[in-house]
Amino acid sequence: MGIGLGTFIIVIIIFISIMTWYYPLSPFSVNHSFTYHPGWETHNGKTYKEELNEFKGTYEKDLKESSASDNINFTVERTRYILPIFEQNWLIGTDPKSMDKDKLSRMLFDVEQARNTLLDLVSEGDYNKEEKEYLVDTIKSFLSLEESIRQIKDGKYFSRSDLETLFGNLRGAFRSEFNLYTTNFYDRSNK
């Protein structure tokens with residue numbers, strides 16, 4: 001009987017070890033976390049960090065002008081609440097980042113709050129037809145971003161390679177959303 005119980009315990013330990021390794025976010029995993037290894041990418045000859053810093057420089061100048069003006073520029077004012085979702089460490093660098101369901105929940109919450117800020121702009125801002133279309137496109141993209149985060153957060157049996165691909169796609173979606181927001185909506189509505 002001792003050998004049977006010992007064998008059973010060893011089988012359980014091996015099972016949990018395998019599940020932890022191959023399916024790091026599964027209910028059987030011990031750690032419930034995954035280390036994402038981002039790659040090095042450029043867009044238009046610039047890294048994401050360079051594009052982000054370039055935009056922040058322009059934005060800070062716009063914010064000073066808006067604060068000094070009697071007319072409130074809602075696009076500039078509300079961008080301060082949207083910009084932090086694009087400044088997450090895992091989006092900027094190439095160092096491995098540990099991701100777990102709590103981080104995904106916070107990320108989802110932040111994206112939802114940014115989308116709500118964009119929805120507020122629909123009623124607050126005075127936009128022409130083209131700018132409104134870009135704003136609606138941006139809101140739709142944020143909804144898609146939320147769905148991608150939910151897919152990873154709620155998935156129970158994604159393998160390591162699945163998660164590497166999903167986080168890579170999510171990182172690309174954040175970067176695309178940044179470009180959509182800054183070039184299509186922000187730049188055009190802040191002329």
Of all trypsin sites (Lys or Arg not before Pro) in the range 108-180, the ones in DSSP coil with at most 14 other Cβ atoms within 10 Å are Lys156
Beyond 29 Å (Cα-Cα) in this structure, taken from Lys46/Lys140; Lys64/Lys103; Lys46/Lys129; Lys61/Lys129; Lys46/Lys156; Lys61/Lys103, we find Lys64/Lys103; Lys46/Lys129; Lys46/Lys156; Lys61/Lys103
Summed over the other residues with a beta carbon less than 15 angstrom from that of Glu54, with K and R at +1 and D and E at -1, the charge totals -1
In nm, the gap between the two label points placed 7 Å beyond Cα toward Cβ at Glu60 and Ser123 is 3.4
With all protein chains in place and a 1.4 Å probe, Trp21 shows an accessible area in Å² (nearest 10) of 140
Heavy-atom accessible area of the chain with neighbours in place, 1.4 angstrom probe: carbon+sulfur share in percent works out to 54
Computed, not fitted: 222 nm per-residue ellipticity of the chain from DSSP H runs ≥ 4 (each -39500 (n - 2.57)), nearest 500, equal to -22000 deg cm²/dmol
Within the range 70-124, DSSP-loop GluC sites (Glu not before Pro) with at most 15 other C-beta atoms within 10 Å are Glu87
In the chain, whole DSSP H helices that both stretch 27 Å or further along their axis by alpha carbon positions and average at least 1.0 on the Kyte-Doolittle scale are 2-22
Over the chain, with neighbouring protein chains present, the accessible area per residue in Å² at probe 1.4 Å is 57
Stretched fully, the stretch from Asp100 through Asp187 gains (0.36 nm per residue minus C-alpha distance, one decimal, in nm) 27.9 nm
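The values are calculated or read from the model by the stated rules, or taken from the named source; none is laboratory data. Bear in mind that the values here come from a model prediction, so they are computed numbers and not experimental data. Cβ atoms come from the backbone with ideal geometry, glycine included; neighbour counts cover every protein chain shown. Side chains included, ligands, DNA and RNA excluded: accessible areas come from the protein's heavy atoms. Shrake-Rupley method; radii C 1.70, N 1.55, O 1.52, S 1.80 Å.
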